[in-house]
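For reference, the structure is listed below as structure tokens.
The values are calculated or read from the model by the stated rules, or taken from the named source; none is laboratory data. Computed from a predicted model, the values in this text were never measured in an experiment. So basically every Cβ, Gly included, is an ideal-geometry build from the backbone, and we count neighbours across all protein chains shown.
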Amino acid sequence: MYTTAPKRCFIIFLVCVFTINTIAQNTRWRAFRIAASQSQNESNTWMNFRAEVNVETVHDKAIAKIATDSKYWLWINGKMAVYEGQLKRGPNRKDTYYDEVNIAPYLKNGKNTVAILTWYLGKDGFSHRSSGQAGLVFECDAIGLFSDKTWKARMDKAFQKTLTDQPNYRLPESNIRYDAQQGNFNWVQPDDRTPGFREVVILGEAESSPWNKLVLRPIPQWKDFGIHKYVNNHEIPAEGTGEWISCKLPYNCHAHPMLDVDAPAGITIKIQTDNFDYMGLDVASVRAEYVTKAGRQQYESLGWMNGHVVKYLIPKGVKINGLSYRETGFNCEFSGTFNCSDPFYTKLWNKSRRTLYVTMRDTYMDCPDRERAQWWGDVVNESGMAFYALSPSAASITKKGILELINWQREDGTLYSPVPEGNWNKELPCQMLASVGYFGFWNYYLNTGDKETIEKVYPSVKRYLDLWKLQQNGTLQNREGEWYWGDWGQKIDKELLHNAWYYLALKGFLNMSELLGEYVQVEKTRKAMEAFKSAFNDAFWDKSGYRTTNYEGIYDERAQALAVVSGIADKEKYEALLNIFKTSYLASPYMEKYVLEALLVMGEAEFGLQRMKKRYFTMVEKSPYTTLYENFSTNVNIGGHGTNNHAWSGGALTILSQYVCGLYPLEPAWKIFKVKPQLGNLTYAETENVTVAGKIAIKVASNYKGLQIELSIPTNTEAVVHIPSKYDKISINKKRVESTKTEGEDRLLVVNGGNYIIVAR
């Protein structure tokens, strides 16, 4: 009796907990997960769903919650309401994202038809973990429509698999083949009677295995730029030639190819871009095929491709009425601009922005063709660029990436990327230290003021940093992870790089600790940084530069640069380090950003700009691309052993806006920011962007007479303007002023929201 009673109580307790959890779950989601088949798990399959609902009164808002694995397209009353909804899985290892969409603009009083096409990727990749089960969840309380037994569905047999040239293993997407003899899109129209629709299969509740918890999509739906003709539309032949037809895009973008042809039935048209397999390596991207029906027909391939050229292989005898494309992309604005007296740097800035934009979609990506993966070395550079080039809505993809990185943390505290992932599990210690550190998480906070996210990730950052141990001499014990990587290229002093990145990680962690009032941790971290800086200099400085004992060859400028930007290297070492930066050119575009930053931190703007031009000259002036490629190379066609649109290569954009034009936040969300231009050999430079505080714009001009700064800053912000001490006559809006504060060799002026013309002579 005494042994069974507690068991009964425990069972009753479990039943109560289960009941409460079930009620809570059902309170949130009334919809079920439905499918056209009981156990659909074959990759690259497509399903059609239909439902009808009567709406008495249409209101301004009708929020639909929609989830699928992996993508969907939504029509309401025959009109497209969502073009490629849903994000790849997942917010963590187990769960799935869902969308919220206001469908009110597409509704009408009376009967309404909802039609949804789903695409189940069904493969793991570097950017997606498949759930193993296709399906759909739809819930809209406002109109009383929920995915349940009242819905109809079918497998869409017109979507098929291609037999050859499949995408490489890094991509979860498959090629898309559509056979117009097997189907059409009439089924999305109201009152359509397309055969094959049957009562759906109920797979489970909305939040049940294998989709588990449904997490609200944290980034906006894609921006649809509309349908466009190709740049060389006038060159497109009137009939297929049996050879590839190259259709030029205005720039590198995410394109959905379209066609309008007259053809007999059963003709196969192939579609791909110039980036499909442009390196001849095992890196094939996605492509498409279309099988014609008889007569005139239009078709749009729904999966996005990337490149500068869309290529169609159209057999002879097929009449071409038109070829076109739809462009989609991340929903933000190109609010940032940059111009200067040397067109080279303006062109480099614009190519950097274009490179940034084509590497944004479900996540930040390293490249939009080979991998589409969220490598965090790339993300750190990308997120920094976005704050100077794109509107504030772009910060949401950085936040998403931060939370995903932390939510995929292993039980032992290890962080790794890319995540989300389904077939990758290797830690790159250098990239992980960069992500959680000063240029990663902290730079996100400084530009956004998003304290809540820092609070969420702080314990996990501490767990990861606690994995790193020190040697007896105070420097790092070697931690190679599963991929001991520092950069592309040769002669990489990896041990030195890891030590420098570790110090930058501590610097970011110290700032987070201060922000969150973790004062015991603040003191502990500050002392650790002081000791580590001393140990670093004692162990690695040899009077000519930094190097580790086992490293041979010329000094690696990458780690020298990190020593400067982190503050490890004192100014007394700058002369020796400058000599290294003038003689060592080992860095890839990824690490070159930090080399250039180090030069500007050292006040060497003129040489910094010279080095920037030397390193980027081929890909800016000789390359035919509108984007920057992965590695420095004299080969203008492939950019070395890598892609021609690689996110990390645009770090020069940040340098030009942040250092040459001199804009940098000192307090979170740009409440107080620095204005310290360094023109080098330029006569003028200007930049502007819309920050979370509002639009900030600056134009700087310099000549033998002096310096002029035109500055526009938002209300409720403050700018700290640096004027070189060689100028002793300063006026603001034609009124003479005296500077009472100094910093180093600069005089400081403080101005609040407004428009200013500052002249120094």
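The single condition among (1) touching a Gly at 6+ places or on another chain (Cβ under 8 Å); (2) part of a strand (DSSP E or B); (3) not small (Gly, Ala, Ser) that Glu139 does not satisfy is (1). For segment 70-92, which residues satisfy the criterion of being assigned to a loop (DSSP other than H, G, I, E, B) and closer than 19 Å to Gly135 by Cβ? Selection gives Ser70, Gln86, Leu87, Lys88, Arg89, Gly90, Pro91. Of all the criteria given as (1) of a type in the set (A, V, I, L, M, F, W, C); (2) part of a loop (DSSP other than H, G, I, E, B); (3) touching a residue at least 40 places away in the same chain (Cβ under 8 Å), the one not satisfied by Ile227 is (2). Of all residue pairs spaced 6 or more apart or on separate chains, those with beta-carbon atoms under 7 Å, a first member in segment 93-104 that is within 19 Å of Trp73 (Cβ to Cβ) and of a type in the set (D, E, K, R) and a second member that is at pLDDT 95 or above and surrounded by fewer than 18 Cβ atoms within 10 Å (Cβ to Cβ) are Glu100/Ile63; Glu100/Leu216. Between Glu56, Glu52, Glu100, the distinction of being surrounded by fewer than 19 Cβ atoms within 10 Å (Cβ to Cβ) and closer than 18 Å to Phe197 by Cβ belongs to Glu52 only. Scanning segment 114-150 for residues that are farther than 24 Å from Ser174 by Cβ and crowded, with 19+ Cβ neighbours inside 10 Å yields Val114, Phe138, Glu139, Cys140, Ile143, Leu145, Phe146, Ser147. The set of residues in segment 545-563 being part of a loop (DSSP other than H, G, I, E, B) and either of a type outside the set (A, V, I, L, M, F, W, C) or buried (at least 17 other Cβ atoms within 10 Å of the Cβ) (or both) consists of Gly545, Arg547, Thr548, Thr549, Asn550, Tyr551, Glu552, Gly553, Tyr555, Asp556.
Yes/no matrix, rows are residues, columns are (1) touching an Asp or Glu at 6+ places or on another chain (Cβ under 6 Å); (2) part of a loop (DSSP other than H, G, I, E, B):
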position: Lys543; (1), (2): no, yes
position: Val565; (1), (2): yes, no
position: Tyr574; (1), (2): no, no
position: Met591; (1), (2): yes, no
position: Ala598; (1), (2): no, no
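With the structure loaded, tell me whether Gly401 is crowded, with 24+ Cβ neighbours inside 10 Å, in contact with a Phe, Trp or Tyr (Cβ under 8 Å, 6 or more places away or on another chain), without any contact (Cβ under 8 Å) to a residue 40 or more places away in the chain and within 30 Å of Lys695 (Cβ to Cβ) or whether it fails that test. Answer is yes for this residue. Could you say whether any residue in segment 365-376 is part of a helix (DSSP H, G or I) and surrounded by 24 or more Cβ atoms within 10 Å (Cβ to Cβ)? There is at least one residue in segment 365-376 that is part of a helix (DSSP H, G or I) and surrounded by 24 or more Cβ atoms within 10 Å (Cβ to Cβ).
Just so you know, in segment 310-331 the residues that are within 27 Å of Tyr616 (Cα to Cα) and crowded, with 21+ Cβ neighbours inside 10 Å include one that is farthest from the chain's Cα centre (by Cα), and it is Val310. Of Ile757, Ile713, all but one fail to be surrounded by 21 or more Cβ atoms within 10 Å (Cβ to Cβ), part of a strand (DSSP E or B), on the phi < 0 side of the Ramachandran plot and at pLDDT 95 or above; the exception is Ile713. Which of the residues that make up segment 102-122 are more than 22 Å from the chain's Cα centre (by Cα) and of a type in the set (A, V, I, L, M)? Scanning segment 102-122 gives Ile103, Ala104, Leu107, Val114, Ala115, Ile116, Leu117.
Each row is one residue, and each column tells you yes or no for (1) surrounded by fewer than 17 Cβ atoms within 10 Å (Cβ to Cβ); (2) in contact with an Asp or Glu (Cβ under 8 Å, 6 or more places away or on another chain); (3) closer than 18 Å to Leu510 by Cβ; (4) free of Cβ contacts under 8 Å to residues at least 40 places away in the same chain.
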residue: Met432; (1), (2), (3), (4): no, no, yes, no
residue: Tyr444; (1), (2), (3), (4): no, yes, yes, no
residue: Lys456; (1), (2), (3), (4): yes, no, no, no
residue: Pro459; (1), (2), (3), (4): yes, no, yes, yes
residue: Tyr464; (1), (2), (3), (4): no, no, yes, no
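The strands (runs of 3 or more DSSP E) found entirely in segment 651-692 that carry 1 or more residues being basic (Lys, Arg) are 672-675. Considering segment 490-543, and only residues there that are out of contact with any Ser or Thr (no Cβ under 7 Å at 6 or more places or on another chain) and among the polar types (S, T, N, Q), the residue that is surrounded by the fewest Cβ atoms within 10 Å (Cβ to Cβ) turns out to be Gln490.
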